[in-house]
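Enquirer: Got a structure for you, questions after.
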């Protein structure tokens, strides 16, 4: 008979992942030891191995969890045909920017630490992340029909738009209270979309 799991097994795994996420974001995957994670969780290294077989598996699950959240949140927006193309893009930008602010540590890991994944893990995560890029193509084509005849521009155009959002994390990060920011998430997302679609001098 296999070992029975405690009733709070999943909640403890979630707490370990939350603590490890912060450490990985602050120190990087290779700069964070399993002992560091154990200390942050007020436990011992051997106890962590009951919940995760390795630091690499723990890191992979953190990355995958966030990649799945991104897909589950963003794809339905782009598939919503009750909205016109511009509204879909604006909604996409607001949700992505909002998640980048809310899940700042996970976002930092996806931008900077994917090289710590194994080859198989990397393929899986990149497949998930690529879905959010490719799902933009139909909306971008609606907004600029010329793109339909220039397939080689689909990916760079989508990445240019996403890059405008993703790399704001280097400065759009304080204060945490949105009411104290010069621009709210919604206002900033609108500014990004207006600039991307209409140009800076429009």
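Enquirer: Can you confirm whether segment 150-167 contains a residue that is closer than 30 Å to residue 54 by Cβ, surrounded by fewer than 16 Cβ atoms within 10 Å (Cβ to Cβ) and out of contact with any strand residue (DSSP E or B) (no Cβ under 9 Å at 6 or more places or on another chain)? Outline the logic, then answer.
Expert: Just the residues of segment 150-167 that are closer than 30 Å to residue 54 by Cβ, to begin with: 166.
Still in the list and also surrounded by fewer than 16 Cβ atoms within 10 Å (Cβ to Cβ): none.
For segment 150-167, residues closer than 30 Å to residue 54 by Cβ, surrounded by fewer than 16 Cβ atoms within 10 Å (Cβ to Cβ) and out of contact with any strand residue (DSSP E or B) (no Cβ under 9 Å at 6 or more places or on another chain): absent.
Enquirer: For segment 32-79: of the residues being in a loop (DSSP other than H, G, I, E, B) and under 21 Å from the mean Cα position of the chain (by Cα), which is nearest to residue 128 (Cα to Cα)? Write out each step before concluding.
Expert: Of the residues in segment 32-79, the ones in a loop (DSSP other than H, G, I, E, B) are 32-33, 41-44, 52-54, 79.
Of the ones still in play, those that are also under 21 Å from the mean Cα position of the chain (by Cα) are 32, 79.
Working: 32: 25, 79: 16 Å.
My answer is 79.
Enquirer: Restrict the check to segment 60-81 and report whether at least one residue is modelled with pLDDT of 95 or more, farther than 30 Å from residue 198 by Cα and surrounded by fewer than 13 Cβ atoms within 10 Å (Cβ to Cβ).
Expert: Yes - at least one qualifying residue is present in segment 60-81.
Enquirer: Right, next: Could you tell me whether segment 19-26 includes any residue that is at pLDDT 95 or above, more than 21 Å from residue 104 (Cα to Cα) and not in a loop (DSSP other than H, G, I, E, B)? Spell out the reasoning first.
Expert: So the first thing to find is which residues in segment 19-26 are at pLDDT 95 or above, and the list is 19-26.
Okay, now just the ones that are also more than 21 Å from residue 104 (Cα to Cα), so none.
Within segment 19-26, not a single residue is at pLDDT 95 or above, more than 21 Å from residue 104 (Cα to Cα) and not in a loop (DSSP other than H, G, I, E, B).
Enquirer: State yes or no: is residue 32 modelled with pLDDT of 95 or more, surrounded by 14 or more Cβ atoms within 10 Å (Cβ to Cβ) and in contact with a helix residue (DSSP H, G or I) (Cβ under 9 Å, 6 or more places away or on another chain)? Let's see the steps before the verdict.
Expert: Numbers: modelled with pLDDT of 95 or more: yes; surrounded by 14 or more Cβ atoms within 10 Å (Cβ to Cβ): yes; in contact with a helix residue (DSSP H, G or I) (Cβ under 9 Å, 6 or more places away or on another chain): yes.
Spelling it out, residue 32 is indeed modelled with pLDDT of 95 or more, surrounded by 14 or more Cβ atoms within 10 Å (Cβ to Cβ) and in contact with a helix residue (DSSP H, G or I) (Cβ under 9 Å, 6 or more places away or on another chain).
Enquirer: In this structure, is residue 51 surrounded by 14 or more Cβ atoms within 10 Å (Cβ to Cβ) and over 18 Å from residue 9 (Cα atoms)? Give the steps one after another, and end with the answer.
Expert: Details: surrounded by 14 or more Cβ atoms within 10 Å (Cβ to Cβ): yes; over 18 Å from residue 9 (Cα atoms): no.
When the stated conditions are applied, residue 51 does not pass them.
Enquirer: Among all residue pairs at least 6 apart or on different chains, which show Cβ distances below 7 Å where the first residue, located in segment 81-104, is more than 17 Å from residue 184 (Cβ to Cβ) and the second is not in a helix (DSSP H, G or I)?
Expert: If the second residue must be not in a helix (DSSP H, G or I), the pairs left are 88/80.
Enquirer: Within the group 90, 95, 82, 120, which residue is in contact with a helix residue (DSSP H, G or I) (Cβ under 9 Å, 6 or more places away or on another chain) and over 26 Å from residue 152 (Cα atoms)?
Expert: Working: 90 fails: over 26 Å from residue 152 (Cα atoms); 82 fails: in contact with a helix residue (DSSP H, G or I) (Cβ under 9 Å, 6 or more places away or on another chain); 120 fails: in contact with a helix residue (DSSP H, G or I) (Cβ under 9 Å, 6 or more places away or on another chain).
So the residue among 90, 95, 82, 120 that is in contact with a helix residue (DSSP H, G or I) (Cβ under 9 Å, 6 or more places away or on another chain) and over 26 Å from residue 152 (Cα atoms) is 95.
Enquirer: Shifting gears a bit: Determine whether residue 27 is without any contact (Cβ under 8 Å) to a residue 12 or more places away in the chain, out of contact with any strand residue (DSSP E or B) (no Cβ under 8 Å at 6 or more places or on another chain) and within 29 Å of residue 170 (Cβ to Cβ). Steps first, answer last, please.
Expert: Working: without any contact (Cβ under 8 Å) to a residue 12 or more places away in the chain: yes; out of contact with any strand residue (DSSP E or B) (no Cβ under 8 Å at 6 or more places or on another chain): yes; within 29 Å of residue 170 (Cβ to Cβ): yes.
It is true that residue 27 is without any contact (Cβ under 8 Å) to a residue 12 or more places away in the chain, out of contact with any strand residue (DSSP E or B) (no Cβ under 8 Å at 6 or more places or on another chain) and within 29 Å of residue 170 (Cβ to Cβ).
Enquirer: Can you pull out every residue in segment 115-127 that is part of a helix (DSSP H, G or I) and surrounded by 17 or more Cβ atoms within 10 Å (Cβ to Cβ)?
Expert: Initial filter on segment 115-127 (part of a helix (DSSP H, G or I)): 115-116, 119-127.
Those that are part of a helix (DSSP H, G or I) and surrounded by 17 or more Cβ atoms within 10 Å (Cβ to Cβ): 116, 121, 125.
Enquirer: Give me the pairs: first residue in segment 184-202 and outside any helix (DSSP H, G or I), second residue exposed (fewer than 14 other Cβ atoms within 10 Å of the Cβ), beta-carbon distance under 7 Å, and six or more apart or on different chains, which are they?
Expert: 184/178
The values are calculated or read from the model by the stated rules, or taken from the named source; none is laboratory data. This is a predicted model, so every value here is computed, not measured. Ideal geometry is used to build each Cβ from the backbone, glycine not excepted, and the neighbour counts take in all protein chains shown.
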